[in-house]
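Here, each number is a calculation from the coordinates, and none is a lab measurement. Since the model is a prediction, treat every value here as computed from it, not as a measurement. Using ideal geometry, Cβ is built from the backbone for each residue, glycine included, and neighbour counts are taken over all protein chains shown.
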Amino acid sequence: MSLTTHRCTCGATLQFRQDIRKEETGVYPTWKCKDCGTPVPGKTAEKLRHQHPS
Ligand SMILES: [Zn+2]
C-alpha cells in the first residue's frame, strides 16, 4: 500500500493526518496545510487523513 504525499506551496510535504487541519466553515469541510493554511485538494486530503505514522 503506497502512501500519498502532497507537496504544499510552502514547501512542506504533507503525508499524515497531523500534517493537515480541518476547516469547518462552509457546506463542506476543507483541509489545509497546518503550516501555512493553503487548502489541500479534497481528494488528496481524503487520502492523507487516513494516513498515520506507524
Ligand atoms: Zn503549507
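Numbers for the structure displayed
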| item | result |
| --- | --- |
| Global geometry of the chain, whether rounded, prolate or oblate, following the gyration tensor of its Cα atoms and the 1.5 cut on a/c | oblate |
| Average Cα contact separation per residue, the chain, under 8 Å, 6 or more apart, as relative contact order % | 36 percent |
| FRET efficiency for Glu46 and Ala12, using Cβ-Cβ distance with R0 set to 30 Å, rounded to 0.05 | 0.95 |
